[in-house]
Every structure is written in structure tokens, then in C-alpha cells.
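What follows is one structure encoded as C-alpha cells, with my remarks underneath.
The values are calculated or read from the model by the stated rules, or taken from the named source; none is laboratory data. Treat the numbers as computed from the prediction; the structure is a model and nothing was measured. Backbone-built Cβ (ideal geometry, glycine too); neighbour counts: all protein chains shown.
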Amino acid sequence: MELAVHVTRFDFPGGPAATADGLKAVAESCEQAGVAALTLMDHYFQIPPMGDAEQPMLEGYTSLGFVAAHTSRLRLGLLVTGVTYRHPGLLAKIVTTLDVLSGGRAELGIGAAWFEREHRGLGVPYPSVSERFERLEETLRICLQMWSDDDGAFEGKHYQLGETLCSPQPLSRPHPRILIGGSGERKTLRMVAQYAGACNLFAQDSGTVAHKLDVLRRHCDDVGRDYVEIDKTIMYVGPALHEGDRQGFTRDMAEYAKLGVDEVHIVAPAGDEAAWISTHGSHVVEVLSGLGEA
């Protein structure tokens with residue numbers, strides 16, 4: 001199992017002028033600790049329950065470009081891109097740009113989007129749930145087409161592209177890993193089986209994750225996909241990690257390892273994330289690596 005660190009706050013001590021140094025310190029501490037990936041949220045207002053909407057928030061892909069310039073090994077992505085925020089043709093180019101400039105370290109994390117206040121506040125259309133999922137599926141198809149030899153037109157219900165030209169192509173082969181966030185059993189996990197290289201599930205408990213993975217396996221059977229090809233990732237929010245309960249954290253991770261979870265995303269305690277990662281990150285990486293070998 002591998003460790004990913006998810007950054008959800010940008011209220012670093014010292015205010016906006018210290019934001020760049022704060023984010024750089026988090027990224028560098030992750031790389032030094034052996035963390036596999038760093039992810040950011042795709043939001044423009046802070047979200048509940050992380051804080052008030054007025055608290056600092058940075059645009060995700062610009063921030064990942066900054067992180068790419070200060071690291072050499074971390075995989076980089078958003079957890080997850082809101083499908084409503086960028087036209088899919090432009091999104092494919094944005095992720096491609098990050099991949100090329102980072103040396104092949106970009107991922108496309110994506111989901112159906114949800115924060116209505118943010119959409120209304122910034123004037124972004126907020127379609128119905130069913131339409132957002134339709135747009136998500138078309139976006140996945142467009143990105144895959146742009147990352148292929150087919151640069152022809154795309155005709156969908158919501159998007160029409162005259163040509164899906166993407167030059168240069170990503171360095172990642174066959175393309176940046178596509179991770180779909182969410183656990184909806186009828187639509188989300190079906191799209192994981194059909195289009196994605198990874199899923200991301202909210203780790204409420206191992207029983208819930210086991211059930212969701214069983215659903216994913218059935219969707220893979222339905223579409224003729226090898227379930228083993230898909231990376232299983234979780235967002236871990238258990239108290240053991242932040243409370244310093246190393247034995248409890250190890251027990252929790254052992255349960256997820258038995259289910260075939262490949263990657264665990266954690267959020268470092270707010271306030272001094274870089275220091276926490278520097279102090280505890282290597283140990284967490286070691287625990288997960290040992291479970292992966294078991």
C-alpha cells in the first residue's frame with residue numbers, strides 16, 4: 001500500500017504572502033518522507049466541514065503546477081476535479097500540460113461535482129445530478145479520445161468538439177491515470193469499471209469499503225474489465241492516525257489491505273502540516289509498505 005497526502009487548507013501562518021512557502025514546505029516534506037502522491041481539492045470556496053467559505057482557497061491545477069516545480073517524484077492530482085468547472089477539451093489539455101511539465105507525474109482525479117454555493121456564487125452553471133453524471137461520462141470519453149491517436153470530432157449530448165487534437169501528448173503511458181471519486185453504486189462505480197484506472201472511496205469502515213468493492217467487481221464483470229487492473233484507493237478519516245494511536249492505525253490499515261486497497265489518502269492535522277508529515281510521514285509510509293508486502 002502507498003500513502004497519499006491530501007491538502008485541504010491554505011491558511012498557513014503568515015497569511016497570503018506565506019502561502020507559497022507553506023505549500024512548498026508541505027510538498028517537500030511529503031517527498032522526503034517517501035509519500036507517493038500529493039492531492040489538492042478542486043474548490044474555489046472553502047468547504048464545510050473544513051472551514052468557512054471565506055477561508056483561503058487556491059485554484060487546484062495552478063497550485064499543482066507550482067508543486068511540480070518544487071518536487072521531482074510525487075504524483076500530482078486533484079481529489080477530485082469537479083466536472084462542471086472546466087470544458088472537457090480544456091481539462092484534457094490542462095492535465096496534459098501538468099503531466100508534460102512534471103515529467104509524467106499527473107493524474108486526472110474527477111467526479112460529478114457538488115458544492116452548489118460555490119457554483120452559484122461564481123456564476124458556474126449547476127445542472128441536475130443526472131445531467132452532471134451525463135457530463136462526467138462524456139468528459140471521460142473526451143479525455144480518453146484526446147489521449148489517443150484519434151483526433152477526430154466528438155459528438156455528445158452536452159459537448160461537441162470539432163477535433164480532439166492534443167499536442168503534445170502526455171508523457172504518462174498510456175495516459176495519466178484516471179481516478180473517479182465517489183461511491184455511488186449505480187453510476188459512479190460503473191464508470192470506474194468502464195473508464196478509470198482507480199477509484200477513491202470514503203473509508204467509513206472496512207465493511208462499507210468491502211461492499212463497495214464487491215459492487216465494483218460486479219460492474220467489471222458486466223463490462224468485461226479485469227477488476228485487478230483498477231487501483232483501489234481510500235480517503236482515511238479514522239481518529240487513530242491523528243491521535244497518535246499507531247497500533248490502532250496499523251490495525252485499520254491491515255483490514256483495508258486485506259480488501260486489496262492499494263493507496264491510502266490522509267489529511268495532515270491543520271496548523272502545521274509540514275511538521276506533522278516530517279515527524280510521522282516516514283512511519284506511516286513504512287507501515288503501509290509492510291502491509292503491501294504481506
*Name the pairs whose Cβ atoms lie under 7 Å apart, with the first residue in the range 40-64 and without any contact (Cβ under 8 Å) to a residue 24 or more places away in the chain, the second outside any loop (DSSP other than H, G, I, E, B), and 6 or more positions between them or separate chains?*
GLY60/LEU40; GLY60/LEU78
*Quickly run through the range 184-211 and pick out the residues that are under 18 Å from the mean Cα position of the chain (by Cα) and either over 26 Å from PRO174 (Cα atoms) or surrounded by fewer than 14 Cβ atoms within 10 Å (Cβ to Cβ) (or both).*
GLY184, PHE202, ALA203, GLN204, VAL209
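The rows are residues; the columns are (1) modelled with pLDDT under 95; (2) more than 16 Å from LEU108 (Cα to Cα); (3) acidic (Asp, Glu); (4) touching a helix residue (DSSP H, G or I) at 6+ places or on another chain (Cβ under 7 Å).
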{"position": "GLY181", "(1), (2), (3), (4)": "no, no, no, no"}
{"position": "GLU185", "(1), (2), (3), (4)": "no, yes, yes, yes"}
{"position": "THR188", "(1), (2), (3), (4)": "no, no, no, no"}
{"position": "GLN194", "(1), (2), (3), (4)": "no, no, no, yes"}
{"position": "ALA203", "(1), (2), (3), (4)": "yes, yes, no, yes"}
{"position": "ALA210", "(1), (2), (3), (4)": "no, yes, no, no"}
{"position": "ASP214", "(1), (2), (3), (4)": "no, yes, yes, no"}
{"position": "ASP221", "(1), (2), (3), (4)": "no, yes, yes, no"}
*Scan the helices (runs of 4 or more DSSP H) fully inside the range 213-294 and keep the ones with 2 or more residues being buried (at least 18 other Cβ atoms within 10 Å of the Cβ) and touching a strand residue (DSSP E or B) at 6+ places or on another chain (Cβ under 9 Å).*
246-258, 273-293
*Kindly provide the set of residues from the range 162-220 that are touching a residue at least 24 places away in the same chain (Cβ under 8 Å) and among the small types (Gly, Ala, Ser), ordered by number.*
SER172, GLY181, GLY182, SER183, ALA193, ALA196, GLY197, ALA198, ALA203, SER206, ALA210
*Quick one: in the range 76-87, of everything that is touching a strand residue (DSSP E or B) at 6+ places or on another chain (Cβ under 8 Å) and touching a residue at least 40 places away in the same chain (Cβ under 8 Å), which residue is nearest to GLN32 (Cα to Cα)?*
GLY77
